[in-house]
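What follows is a set of notes on a single structure, which appears directly below.
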Amino acid sequence: MRYHQLGKIPPKRHTVFQDDHGNYYYEQLFGTEGFSGISSLLYHIHRPTQILRVEEAIDVTPKAAIDKNVEPRLLKGFEAKPVDDFLEAKTDLFFNNDLVVGVAAPKKSMTDYFYKNGHCDELIFVHKGSGTFKSYVGDIKFVPGDYIIIPRGTIYQFEFDSEENRLLYIESFSPIETPKRYRNHYGQLLEHSPFCERDMKLPEYREPIDEKGEFIIKVKKEGKIYPFVYATHPFDVVGWDGYFYPYAFSIHDFEPITGRIHLPPPIHQNFEGHNFVVCSFVPRLYDYHPKAVPAPYNHSNIDSEEILYYVDGDFMSRNHIEQGHFTLHPGGVVHGPHPGAMERSVGQKATEELAVMIDPFRPVKLTQAAVDMMDDSYLTSWLE
């Protein structure tokens, strides 16, 4: 990401910074990889270290109902029931040592507590709903189609405009970044990238909140959520600058790459983490060779799983797919277009499909919630 600054900061880092009445502001380095990764410097009205107590932890470690999976699966993600609370709404479906993938249908805004994932970066894709993502470095308005990228350690709240919300999420044990092949040595996105820095929605300034009392920050670490109770409001930041902050990107701003013949899925790549990639399938023109077959060829990638989440439109290579469906195709097991899909695609000029694909490079386990959403008929749906 690029350098960003909001609010008031001193002209020199690590120097005295006071308000008009001579009260000190308190500096916090918010960063990664010790002191060698990307970071931001935040300036608080109060010391950000004032812990009153830590209450009893809740274990939210995902548990495997299917430990080793080799079968193609279809899950009906909209069967996740709407729940008032944001954290209670989160429903883990797939996981391995690199990531957790799930869905949530929260109804209420986060008003009673703040949240911090101290272990994972988070990607939240907004399928339905709108509102404001609030953090101690500023606010981001979000709408359907937005990816919200939240670095680990960010303290935040979600404020929803209504109770009709559907979210897809990834929790990653490594940083979630843009693809390295689209960045130069300095981190700038290159000319052939399907998106650029102008497409990113960065935090906007919000007046600091100077309050004392009891403020609950639920901190997730190693599969448990610990309710920390602090003596001051966490959104008391008067200013900050740096490279480490949340941002949003709309799937509708992804510019598709097309060719004369069918191109492989990496051309749809939007983000990456350690041992996984995230791709955006968006409306686009089909291949323009006179004998092109727009449908993907049958393939069996030995080294990755394929998780597709269907957002909108008629997904060209599948039959009987609806919004909110997931398909999982395990690594090494051949898969491809449903019967008739390849034939239907020949001669077509464009597609309106919208989907998010997550390709983990190690096998995923499935939770009981995933099993409960399964459509068992998917396994044999390629029979003619």
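The values are calculated or read from the model by the stated rules, or taken from the named source; none is laboratory data. No experiment lies behind these values; they were computed from the predicted model shown. Positions of Cβ are generated from backbone atoms using ideal geometry, with glycine treated the same way; all protein chains shown enter the neighbour counts.
Computed quantities for the displayed model
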read-out	value
Unmet criterion (only one of (1) assigned to a strand (DSSP E or B); (2) in contact with a strand residue (DSSP E or B) (Cβ under 6 Å, 6 or more places away or on another chain); (3) surrounded by fewer than 18 Cβ atoms within 10 Å (Cβ to Cβ)) for ARG206	(1)
Region 79-127, residues that are touching a helix residue (DSSP H, G or I) at 6+ places or on another chain (Cβ under 6 Å) and either closer than 23 Å to GLN323 by Cβ or assigned to a strand (DSSP E or B) (or both)	VAL83, THR91, LEU93, VAL103, ALA104, ALA105, PRO106
Whichever residue in region 298-323 is of a type in the set (A, V, I, L, M, F, W, C) and out of contact with any helix residue (DSSP H, G or I) (no Cβ under 8 Å at 6 or more places or on another chain) and, among such residues, is modelled with the lowest pLDDT	PHE315
Every residue from region 229-256 that is assigned to a strand (DSSP E or B), more than 21 Å from TYR113 (Cβ to Cβ) and of a type in the set (Ser, Thr, Tyr)	TYR247, SER250
In region 301-320, the residues that are assigned to a loop (DSSP other than H, G, I, E, B), surrounded by fewer than 19 Cβ atoms within 10 Å (Cβ to Cβ) and in contact with a strand residue (DSSP E or B) (Cβ under 7 Å, 6 or more places away or on another chain)	GLY313
Options LEU29, LEU41, LEU74: the member that is in a strand (DSSP E or B), in contact (Cβ under 8 Å) with a residue 12 or more places away in the chain, farther than 20 Å from PHE173 by Cα and out of contact with any Ser or Thr (no Cβ under 9 Å at 6 or more places or on another chain)	LEU41
Test for GLY239: is it small (Gly, Ala, Ser) and either touching a Cys at 6+ places or on another chain (Cβ under 6 Å) or modelled with pLDDT under 95 (or both)	no
Total residues in region 9-18, condition part of a loop (DSSP other than H, G, I, E, B) and either in contact with a helix residue (DSSP H, G or I) (Cβ under 6 Å, 6 or more places away or on another chain) or exposed (fewer than 15 other Cβ atoms within 10 Å of the Cβ) (or both)	6
Qualifying residue in region 214-221 (condition: more than 20 Å from ARG152 (Cα to Cα), buried (at least 17 other Cβ atoms within 10 Å of the Cβ) and in contact with a Gly (Cβ under 8 Å, 6 or more places away or on another chain))	no
Complete set of residues in region 163-201 that are over 15 Å from the mean Cα position of the chain (by Cα) and among the hydrophobic types (A, V, I, L, M, F, W, C)	LEU189, LEU190, PHE195, CYS196
Residue under evaluation TYR226, criteria (1) assigned to a loop (DSSP other than H, G, I, E, B); (2) surrounded by fewer than 19 Cβ atoms within 10 Å (Cβ to Cβ); (3) among the hydroxyl-bearing types (Ser, Thr, Tyr), criterion not met	(1)
